[in-house]
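Heads up: the structure comes next, in structure tokens.
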């Protein structure tokens, strides 16, 4: 009998590795930047372990792909608040990974003890959309909008959201981001979770005893879960309106920043503190009439579609993923920036006897089984499955490290690759290239946009087009 365990990358990895080492699991290569996600134990033959992004672990345990998992209570609560009958059971709270999930806003949005919105609708943003919706319902907000994000939630108030959900150690950390806490949603720490059915039918006593022997009893109590949020007044506040002629431009964070800076430098656009060593997300520039904010490229198409930004620099992959879900979206590609070239590909394990998508279709039809497709590109994957007539299929959303899902936890990946070397290293193969993606400028103009604003947007795109001509 095998026991499958999902272990976290990121914030909990070092402490989890220490705990399991003391527990005698003797896992090989459980560390940051490990070349492979599958882990072998030198001492426990029944153990099959794999590394995941932390937010993927609750769903993997819930659907029964894994018997046990370790992750933060914040991600478990995010899942169970929407799926209260989820097959996840918390076995133990571990003595590390302490923090809390807060609702926060900009200090100037507070009047007395109340958050006052600029309109009759409250916008909530963050990586925890289910908890954001639950909060809005508990506050009995008459009108609200939820913006799911891939990250950088602290950048959104006050221009693009009134409330954001942030995972922090304490309120001082929130203040360091230029925000003010509205209250705490849930205290959390790392915990050991189990699939309910696995707990019933499998003998886990050896693994559980090894972990229990390393836990201090005082550190294993359950954190509190609560919605201790200040009251929100929903009324229109008469404030000076923003400049209708101002162009709101979203620039990418992460590895794309150096490329964007190089293009802007080529046409003499001065931009201060980008990339920022201090984490500043509102850089100033020499562009007249522009307000700039730095956010995640994955979030840009939806943000432009909702009118929070006028222009953005993202990848064609994320624009395509957005348009497959919202084909009538006003967002369009305005300029190909020709850097960051990757292929969006369909991938299977080497041992699967197919080399094309049509062969995959025939195989799935002969097997008469549901096809599991793991991907960050949920809508592209859905379109791929339907176009290729894969029959019954299920999309497994992931937040990175998708190669780890094959072959045990998915049948197909929809993934991006530059050279294909990472895919090959994980004993996988590409069976189709769906399309090529590069960085691009996207925008969405509306009837309400002033003539000056439209001219400024067109001028900026022309500047970048000039840069592309001089750099090629």
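A short reminder: the numbers here are calculations on the coordinates, not readings from a lab. A quick note: this is a predicted structure, and the numbers were derived from the prediction, not measured. Here the Cβ is made from the backbone with ideal geometry for all residues, glycine too, and neighbour counts use every protein chain on show.
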Q: Could you please rank 430, 344, placing first whichever residue has the fewest other Cβ atoms within 10 Å of its Cβ?
A: 430, 344
**Q.** Protection-proxy order for peptides 2-12, 332-342, each taking the mean of Cβ atoms within 10 Å per residue, highest first
**A.** 2-12, 332-342
Q | Within the chain, percent of DSSP bridges classed antiparallel, to nearest 5 | A | 60 percent
Q) Stokes-Einstein at 10 °C, 1.306 mPa s, Kirkwood radius from Cα pairs: D for the range 398-472 in µm² s⁻¹? A) 96 µm²/s
**Q.** Shape category assigned to the range 136-177 from the gyration tensor of Cα positions, a/c cut at 1.5
**A.** prolate
Q.
Show me the ranking of peptides 411-417, 136-142 by mean Cβ neighbours inside 10 Å, starting with the highest.
A. 411-417, 136-142
Q | On Cα atoms only, tilt of 316-325 relative to the major axis of the chain in degrees | A | 80 degrees
Q: Kindly identify the range 431-472 as rounded, prolate or oblate by the Cα gyration tensor criterion: order the square roots of the eigenvalues as a ≥ b ≥ c, call it rounded if a/c is under 1.5, otherwise compare a/b with b/c, prolate if a/b is larger, else oblate.
A: oblate
Q. Alpha carbon centre of the range 154-205 versus the range 327-389: separation in Å?
A. 32 Å
Q. Tell me, what is the Rg over Rh of the chain, with Rh the Kirkwood radius over Cα pairs?
A. 0.98
(Q) Using a 10 Å cut-off around each Cβ, can you sort 278, 80, 18 from fewest to most neighbouring Cβ atoms? (A) 278, 18, 80
Q: Would you mind computing the Rg to Rh ratio of the range 342-437 from its alpha-carbon coordinates, Kirkwood style for Rh?
A: 0.91
Q. How much mean residue ellipticity at 222 nm does the chain get from its helices, if each DSSP H run of length 4 or more adds -39500 (n - 2.57) and you divide by all residues, to the nearest 500 deg cm²/dmol?
A. -7500 deg cm²/dmol
(Q) Give me the percent relative contact order of the range 342-437, please, defined on Cα pairs under 8 angstrom at least 6 residues apart. (A) 50 percent
**Q.** Antiparallel bridge percentage (DSSP; both residues within the range 247-325; nearest 5)
**A.** 10 percent
Q | Relative contact order (percent, whole number), the chain, Cα cutoff 8 Å, 6+ residue spacing | A | 15 percent
Q. Per residue, how much space in cubic angstrom lies within the convex hull of the C-alpha atoms of the range 327-375?
A. 161 Å³
Q.
Within a 10 angstrom radius of the beta carbon, how do 371, 245, 71 rank from fewest other beta carbons to most?
A. 245, 371, 71
